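Below: one structure, written as C-alpha cells.
The values are calculated or read from the model by the stated rules, or taken from the named source; none is laboratory data. Remember, predicted model here, so these are calculated numbers, not experimental data. Cβ sites come from the backbone with ideal geometry, for glycine too, and all protein chains shown count toward neighbours.
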Amino acid sequence: MAIANGVSTVADHTDTESSSTVSTTTRPEVRNVSEVSLSTTAQTADSPDDSAPTVYDIEDLGVYYGDFKAVRDATLTIRQHEITAFIGPSGCGKTTVLRCLNRMNDFIDTARVEGTVLYHGVDLYDPKVNSTEVRRRIGMVFQKPNPFPKSIYDNVAYGPRIAGMKKKSELDGVVEKALRGAALWDEVHNRLDASGMSLSGGQQQRLCIARAIAVDPEVILMDEPCSSLDPIATSRIEELMQEIKREYTIVIVTHNMQQAARVSDRTAFFITEINKESDRRTGVLVEFNPTEKIFSNPDDERTEQYVTGRFG
Amino acid sequence: MALATPALGGRTAGDVVRANLTKSQRDVPGLLALIALLTSVLVTILVLFTLIGTILVDAVPFLRDRGGSFVTRTIGSNPDVIGLWPGLYGSFIIGLGVIVIAFPLGIAAAVYLEEYAKPTRFTRFVQINIRNLAGVPAVVYGVLGFTIFAGWLGGLTGGKTVIAAALTLAVLVLPIVMITSMEAIRAVPQGIRDAGYGVGASRWETIRDHVLSYAAPGILTGTVLSLARALGEAAPLIVVGALAGGVGLLPETSLDGKFTALPMLIYGWSGQPTDADNRWQFSNSAAAASVILLALVLFFNFAAILLRNRYERTRTGS
C-alpha cells in the first residue's frame, strides 16, 4: 500500500497560502508530509471508537431522480466527532447521499428518497420535520467556494441573523468566533467590510466554513470542499477539519483518495453499477469501514482495486 | 530540422524562415469584413447624430429664448407662449404608474415562474405567451387600454384619463419587465441558493436576501429600459384618448380630466402648419419637447447604469 494508513493532519504545514514553498505535485509531497506527521501525531491512525454516540443511522437509502434510481441500498452509521468520508468514482452517488443528510435534495423537484435517514433517532424525512430547521443544525460546505456577494462580516453573520440574533455585540462575537474557528480571523480581521468575493479561493472556502459554523450546527457536510483549491489551501482546510472535529461531526465527499486516507476516521466506498438494458448508472455502497481498514485490508475486492488505482 | 537542411540555393535557413514569415501582408477577406463592420458602425452613428443634430438646430434657439416658461406654461395655439407642462405632468404620472404597477408585478411574477413554478406544460405555456406578449404592437395595447381601463373600469379610472393611460402603459411594459427579470434570476448561480439553504435560510429568505440582490443589476436594467419605453410611446395614448396638444384643446393637470403626455405633444405639434405671424413655429416646440423627452430617458438610463455598477461592485468584490 502506497498510502499511509489513515494518517491525519498535515500539522507541520503552517505556511500561508501566499507562500510558495510547496510547488511539487500533490502526491509525493503529501506522502512526505504524512510520513513526517506519522511520527508526531497519530490521532486517527488508531481505530475509531465504535462506542462513540451515533448521529446518523442510514438504512437502505435509495434516491430517485424521476424514475431513474441514482443510489440504492446505502446503509451506514455516522458517529459523533468523527470524520466520515465518501469516496468513489464520478457518478457513484456520493454527493446525492450527502445531500440527503440535510435534505438539500428537497430543492430538486424530481428527487425522491426511500429508506430511512435517522438523525438521533428522528426520521429526517418524516412529514412533520421542518427541513429548514434540519439545515440549520446540519450545515454544508460546497464544492465550489460560494460566499455571498456581500461583506466578509455579513457572510458569517447571515446565518445567526436569520436565526433571530439581532444585537450587534452578540453578532460581532459570533463572527469573530466563527472566523477564528475557520482559521481565517488573522487574515481578515482588519477588513471585515471587504467583499467575500475579494478573497482567494482557499480563503473563500474557509469563509464558507466560518459561515457554516457560525450557526453552531452539530454536523457539517462537505461536498468535495478542496476540489477547486491548490495543495496548500487544501492542506489548510484538512488541518482545519481536524481541529473542528472536536466540536462537530463531519461528513466529507472527496474524489481524492489520499485526502480520505489523511483526514477521515471511517470511509464509505461507492461504485457505479451500469444497467446494461437501460444504460443507466446507479450508485451502490460497496463497503463502509474504518478508513485504516479500507486502505490496508478492505473486505471487498472492488474497494481494494479502487484504492490501489486499478479501476475507477 | 527540415528548415536547416541544405539545397536552399545558397540561402541560409534564416533567409527561408524570413521569406516565409513575411510572405503576404494582405488578408483581403479580413479587410473586407473590417470595412463592412466599420461602415455599419458609421451609418448607425451618422443616423443618430443627424437625428440629434436636426432636433437641436430647431430646439436650442427656441429653448434659449423661451427658457423656463416653456416648461411651466400650458399648451395652446401660439408657439411663442405655449409650454409643455401638461405633457410633463402626464408623462410623470405614466412613469409613476409603470414604477408602482409594472415593476412589482413583473418582478414578482418572474420570481414565481423562476423560483417556485414546477416545470410543467402549463408553466412553459405561460412563459411562451409572455414572450409573445412582449412582441404585441403598442397600438394593440392601446385598444386593450381603451376597452378595459377607459371602458369597463371607467368607473375607477374616470374614463379617458391619465390613470387609464398609466395602466395601459404599465401593462404594455409588463412582459418586458418579466422577461428581463426572469433572465436575470436565471443567471443567479445555483451556489448562491445552496449557500443560503446551507445555513438554514428558507426558500423565501434565500430569494429575498440573495437571489434578488444578485439579480438586481439585471432586473434594474430591464425595468429602466421598460420605463424609457413607456415614456416614449405615443400610439397607445392616442387610442386611450390623450390630447395631441393642438389648437384650443386644453388638458388639465389632473388625474380625472383630459390629459396629454410628452410623446403626444411631439406628435401633435409636428403636424401643425407654420404661421408666419409667429416668431416661433410648432416645429420648434416639437423639437424642444423631443430634447426634454430624450433628456429624461437618458437620465433614467444613466441612473440605471450607476445603480447597476454599484451592485456589480459588491458582487465581484472589487
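Residues checked against (1) within 14 Å of chain A (Cβ to nearest Cβ); (2) out of contact with any Gly (no Cβ under 8 Å at 6 or more places or on another chain); (3) more than 20 Å from residue B:139 (Cα to Cα); (4) of a type outside the set (Ser, Thr, Tyr):
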site: B:156; (1), (2), (3), (4): no, yes, yes, yes
site: B:177; (1), (2), (3), (4): no, no, no, yes
site: B:190; (1), (2), (3), (4): yes, yes, yes, yes
site: B:193; (1), (2), (3), (4): yes, yes, yes, yes
site: B:230; (1), (2), (3), (4): no, no, no, yes
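Close Cβ contacts (under 6 Å, 6 or more residues apart or on different chains) running from residues in the stretch B:59-72 that are surrounded by 15 or more Cβ atoms within 10 Å (Cβ to Cβ) to residues that are part of a helix (DSSP H, G or I) comprise B:59/B:287; B:59/B:288; B:59/B:291; B:62/B:284; B:62/B:288; B:63/B:288. The helices (runs of 4 or more DSSP H) located wholly in the stretch A:171-250 that include 1 or more residues which are within 22 Å of residue A:135 (Cα to Cα) occupy A:201-214, A:231-244.
Among the residues making up the stretch B:201-243, those that are out of contact with any Ser or Thr (no Cβ under 6 Å at 6 or more places or on another chain), outside any helix (DSSP H, G or I) and buried (at least 21 other Cβ atoms within 10 Å of the Cβ) are B:201, B:233.
For beta carbons closer than 6 Å, sequence separation of 6+ or different chains, a first residue in the stretch B:273-285 that is of a type in the set (Ser, Thr, Tyr) and a second that is assigned to a helix (DSSP H, G or I), the qualifying pairs are B:283/B:58; B:285/B:269. Note on the stretch B:73-149: enclosed helices (runs of 4 or more DSSP H) holding 1 or more residues that are within 18 Å of residue B:234 (Cβ to Cβ) are B:85-97, B:138-144.
Just to be sure, is residue B:177 surrounded by fewer than 23 Cβ atoms within 10 Å (Cβ to Cβ), under 24 Å from the mean Cα position of the chain (by Cα) and either in a loop (DSSP other than H, G, I, E, B) or touching a residue at least 24 places away in the same chain (Cβ under 8 Å) (or both)? Spelling it out, it is not the case that residue B:177 is surrounded by fewer than 23 Cβ atoms within 10 Å (Cβ to Cβ), under 24 Å from the mean Cα position of the chain (by Cα) and either in a loop (DSSP other than H, G, I, E, B) or touching a residue at least 24 places away in the same chain (Cβ under 8 Å) (or both).
Applying the condition of being modelled with pLDDT under 80 and either farther than 15 Å from residue B:258 by Cα or touching a Cys at 6+ places or on another chain (Cβ under 6 Å) (or both) to the stretch B:152-174 and asking which residue is surrounded by the fewest Cβ atoms within 10 Å (Cβ to Cβ) yields B:155.
Can we say residue A:153 is surrounded by fewer than 20 Cβ atoms within 10 Å (Cβ to Cβ) and either closer than 23 Å to residue A:229 by Cβ or within 14 Å of another protein chain (Cβ to nearest Cβ) (or both)? Judged against the criteria, residue A:153 is a match. Residue B:84 - would you say it is modelled with pLDDT of 85 or more and surrounded by 10 or more Cβ atoms within 10 Å (Cβ to Cβ)? Here the answer is no, as residue B:84 does not meet what is asked.
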